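Below: the structure, in structure tokens.
Rule-based calculations on the coordinates, nothing more; no lab input. In this text, all values refer to a predicted model and were calculated from it rather than measured experimentally. Virtual Cβ from ideal backbone geometry, glycine too; neighbours counted across all protein chains shown.
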């Protein structure tokens with residue numbers, strides 16, 4: 001079933017779930033696709049179409065049950081279970097990721113840390129000990145790691161990715177500023193603020209006061 | 001012109017530019033759309049179509065001039081100038097962003113830091129002093145801030161966004177885990193690793209060994 005749903009739809013579902021969670025926290029029990037669309041800056045038609053891939057969630061004219069729809073979307077996304085993650089690279093970025101409070105509260109648990117720097121191996125961050133990359137296969141099996149977080153410099157990114165894939169990790173969150181290559185069964189999400197900025201400047205340039213000619 | 005190009009195309013251009021930069025660093029002078037597509041995991045037809053929105057960049061049968069195409073894409077994206085950024089919120093995340101080396105090397109310069117915590121105002125991070133939010137309007141004008149980086153907790157995100165928009169900032173890089181509302185002339189990019197993970201688990205769930213029934 002998974003491959004028949006457009007990926008762009010799957011990528012919007014977490015945004016819907018998050019907004020529904022915020023509405024729930026504010027005590028909103030029911031919301032129309034019109035109001036949900038306004039909140040998210042999308043059309044109600046898009047919300048209805050996106051959700052229609054997964055079933056029937058609202059009754060015509062009565063809107064969506066906020067708590068129910070949130071729970072259903074989270075179940076569809078596989079967020080009704082814990083996901084176990086390892087961070088590779090505990091430099092400044094890796095350490096910031098390791099102590100990011102937003103993961104655990106959403107069911108993404110960092111269970112292992114790796115580095116190849118002897119000065120870092122054996123040190124502790126939070127309640128985790130930094131392990132050597134030589135231990136990757138053993139720790140990945142023992143800790144049942146689902147997702148690898150790549151937080152090494154660009155020139156080490158692909159090598160780390162290859163090692164994670166070799167030990168059976170099938171999901172990667174890539175912070176290295178490179179385009180990584182993976183086999184078809186492996187899923188990648190890139191977190192790269194520079195790439196995000198670089199597609200925004202296109203619009204700033206064409207609307208900015210200092211470039212009236214464009 | 002800017003509004004006629006599909007946004008998905010604009011969002012792919014930085015990826016092309018980055019890959020071309022990597023090829024250039026490796027001494028590659030010319031590349032075919034086939035080889036560039038292989039490197040990026042997209043079809044050569046998509047690369048040709050994306051680039052065709054902006055002009056004629058390759059000759060049939062001879063491939064693209066790597067350095068020239070990179071330079072042209074960067075010019076199209078507005079990356080041939082400096083962009084000046086302010087970070088609002090200098091907690092752990094804001095500090096990590098402030099010291100991220102990837103911004104300056106790509107022409108994104110952090111020129112101001114803000115927080116509303118009296119214990120942080122007046123302290124120094126790198127060579128910048130943390131300023132009070134009360135000084136936002138003055139500093140934004142003096143420092144010609146183009147882009148605001150929102151690095152505050154979720155419950156303060158919208159308020160900070162409203163203040164940045166009020167002083168004329170038209171580009172926002174949002175790290176707060178909320179969907180923010182902005183007027184139509186303001187551009188937003190969200191950097192949210194949890195949302196990235198949440199659209200990946202959908203696929204991991206449907207391919208994982210521990211969920212064979214799906």
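Need one number: % antiparallel among DSSP beta bridges in region B:83-195, to the nearest 5.
Values: 2 of 23 bridges.
Bridges in region B:83-195 that DSSP calls antiparallel: roughly 10 percent.
Using a simple spin-label model with pseudo-atoms 7 Å out from Cα toward Cβ, residue B:141 and residue B:7 lie 3.2 nm apart. Inter-label distance, residue A:71 to residue B:84: 5.2 nm, where each label sits 7 Å from its Cα along the C-beta direction.
Within chain B, what percent of beta bridges assigned by DSSP are antiparallel, to the nearest 5?
Bridges in chain B that DSSP calls antiparallel: roughly 20 percent.
At q = 0.09, 0.10, 0.16 Å⁻¹, what log₁₀ I(q)/I(0) does chain B have when each alpha carbon counts as one equal point scatterer in the Debye sum? Values, matching the q order: -0.48, -0.59, -1.12. By the Stokes-Einstein formula, at 0.692 mPa s and 37 °C, region A:110-214 with its Kirkwood radius over alpha-carbon pairs has D equal to 208 µm²/s. Neighbouring Cβ atoms from other chains, within 10 Å of the Cβ of residues in A:121-133, number 0 on average.
Once the Cα atoms are used to define both axes, helix A:66-76 deviates from the longest principal axis of chain A by about 40 degrees.
When peptides A:155-166, B:107-118 are sorted by average Cβ neighbour count within 10 Å, with the highest value leading, the order is B:107-118, A:155-166. Label zone of residue B:100 (point 7 Å out along Cα→Cβ, amide N under 20 Å): in region A:58-96 this covers A:87-96.
Mind checking the mean number of beta-carbon atoms from other chains within 10 Å of the Cβ atoms in B:62-74? All intermediate terms of the calculation are to be shown ahead of the outcome.
On the way: counts 0, 0, 0, 0, 0, 0, 0, 0, 0, 0, 0, 1, 2.
The per-residue average across the peptide is 0.
Expressed as an acute angle from 0 to 90° and rounded to the nearest 10, what is the orientation of the C-alpha long axis of helix B:154-166 relative to the principal long axis of chain B? That works out to roughly 90 degrees.
What's the FRET efficiency of residue B:117 with residue B:155 using the Cβ-Cβ distance as r and R₀ = 22 Å, to the nearest 0.05? Mind dumping the intermediate values first?
Working: r = 15 Å, r/R0 = 0.66.
Step by step, r from the Cβ atoms, then E = 0.90.
As a proxy for reagent exposure, B:97, A:149, A:5 were ordered by neighbouring Cβ count within 10 angstrom, fewest first; the result is A:5, B:97, A:149.
Gaussian network model of chain B, Cα springs within a sub-10 Å range: biggest mean-square fluctuation belongs to which of B:101, B:184, B:14? Largest GNM mean-square fluctuation: B:184. Each Cα pair under 8 Å and six or more residues apart adds its sequence gap; the mean of these over the residue count of region B:2-76 is a relative contact order of 42 percent. Normalising the average separation of contacting C-alpha pairs (under 8 angstrom, six or more residues apart) by the number of residues puts the relative contact order of chain B at 13 percent.
So what's the gap between the Cα centers of region A:39-107 and region B:17-59, to the nearest angstrom? Going from one Cα centre to the other spans 34 Å.
May I ask what percent, to the nearest 5, of DSSP beta bridges between residues of the protein assembly as shown are antiparallel? Write down the numbers at each step before the final one.
On the way: 12 of 54 bridges.
Once the DSSP bridges in the protein assembly as shown are tallied, antiparallel ones form about 20 percent.
Seen against the Cα atoms of chain A and their longest principal axis, helix A:7-25 is set at about 70 degrees. The value of relative contact order for region B:108-160, using C-alpha pairs under 8 Å at least six residues apart, is 28 percent.
Peptide B:184-195 has a mean of 6 when you count, residue by residue, the C-beta atoms of other protein chains within 10 Å of its C-beta.
Rounded to the nearest 500, the 222 nm mean residue ellipticity of chain B from helices alone is -12500 deg cm²/dmol, with -39,500 (n - 2.57) taken per DSSP H run of at least 4 residues. Remark: the Cα gyration tensor places the protein assembly as shown in the rounded category, a/c being less than 1.5. Comparing region A:2-76 with the 2.2 N^0.38 Å rule of thumb, its C-alpha radius of gyration ratio is 1.00 (two decimals).
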